[in-house]
Amino acid sequence: MVYKNWWKILSFLLLVYTITAGLLLDVPKLPILNETIRNLYFHVCMWFGMMILFIISFVYSVKYLKDFNYRHDVYATNFAAVGCLFGILGYLTGVLWVNVTWLTDQRQSLGSVLKEPKLIGAAIALLIYGAYFVLRGSFTDIDKRARVSAVYNIFAFAMLFPSIWIIPRIVGSLHPGAPGSDSGNPALDRKDLDGAMRMVFYPAIIGWTLLGVWIATLKIRIDLIKNKNIINE
Amino acid sequence: MNRLLLIIVGLCCSFIASAQDKIEMADVMRSNGKIYTVVAVCLTILTGLFIYVFMIDRKINKLEKEHSIK
């Protein structure tokens, strides 16, 4: 049992480490950010987790189109669902963070925050994924549903990159990594992120992502039990 | 005397300046140990959530056995 579930235990240990070290270790003292810099271990990890879950979902959609195994369709849907959950959590935590840093300390107007391209891009990306579930729900034929939604999922994944990674970096954004600021690739750039923070940040990404994968596998297993008659044999 | 006054004024100025430069962190919370309460609360929530998810996992395990999946 432990042999098979080691990664679930690893996820728990990494998240215990994230909370303990994330709240207690020293962080760089920066104006405006102050203590909220620790949100890197939570808010940013939600988006990293979302990206990884969407990548897994994309891979299973491609796999489905290759062999039309219904099992892969179930995998793709549920990973996308948990990815959306992480995205929504990332959005909500971002709202809280905006409130104390950009709005209060940086004195940005609400208008400039609402114009923030990364917020709009992330909203578009999440809505595209939302439409994925609407699309799935609108089919009665299982094969057609699986086939069309697999193709749509690939499209949604392709839209994810311009909307949250490329466009905000081109048009300028309040987020790190905007043109004009010298941070090229924030969070992953060696020069951009303090070494001590990286010691917590990377384990945090792995921990949160593993938790997401765990929840996704639970949903997948329930779906597989429900659709026992359709799947294989 | 004048020189002494100048030094005192200078020191005061530098103190005020450094107080303004100082970036506010939750140092009080750290020094009186209340941050540990926050950590404990977060860890309790995390542990509770994990126990809950683990129990769902076990329930699904049982269901899978009943339905003889895998």
Discussion item. Could you check the range A:208-233 and list, in sequence order, the residues that are basic (Lys, Arg), over 25 Å from A:SER11 (Cα atoms) and more than 8 Å from chain B (Cβ to nearest Cβ)?
Written reply: A:LYS226
Practice prompt. Looking at (1) in contact with an Asp or Glu (Cβ under 9 Å, 6 or more places away or on another chain); (2) open to solvent by 20 Å² or more (accessible area, probe 1.4 Å); (3) within 14 Å of another protein chain (Cβ to nearest Cβ), find the lone condition where A:ASN39 falls short.
Written response: (1)
Discussion item. I'd like to verify a number: residues in the range A:166-207 that are at pLDDT 85 or above, under 16 Å from A:GLY49 (Cβ atoms) and hydrophobic (A, V, I, L, M, F, W, C), how many?
Written reply: 5
Practice prompt. Mind checking which helices (runs of 4 or more DSSP H) fall wholly inside chain B and carry at least 1 residues that are at pLDDT below 65, away from chain A (no Cβ under 11 Å) and open to solvent by 70 Å² or more (accessible area, probe 1.4 Å)?
Written response: B:2-21
Fill in: Yes/no for A:TYR17 being in a helix (DSSP H, G or I), more than 14 Å from chain B (Cβ to nearest Cβ) and touching a residue at least 24 places away in the same chain (Cβ under 8 Å)
no
Worksheet item: Quick one: would you say A:GLY111 is among the small types (Gly, Ala, Ser) and crowded, with 16+ Cβ neighbours inside 10 Å?
Response: no
Response to the item:
A:ALA81 meets each of (1) in contact with a helix residue (DSSP H, G or I) (Cβ under 7 Å, 6 or more places away or on another chain); (2) of a type in the set (Gly, Ala, Ser); (3) without any contact (Cβ under 8 Å) to a residue 12 or more places away in the chain with one exception, condition (3)
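The values are calculated or read from the model by the stated rules, or taken from the named source; none is laboratory data. Being a predicted model, the structure only gives us computed values, none of them experimental. For neighbour counting, all protein chains shown are included, and Cβ atoms are generated from backbone atoms with ideal geometry for every residue, glycine included. Protein only, heavy atoms only, side chains kept; ligands, DNA and RNA dropped before computing areas. Shrake-Rupley method; radii C 1.70, N 1.55, O 1.52, S 1.80 Å.
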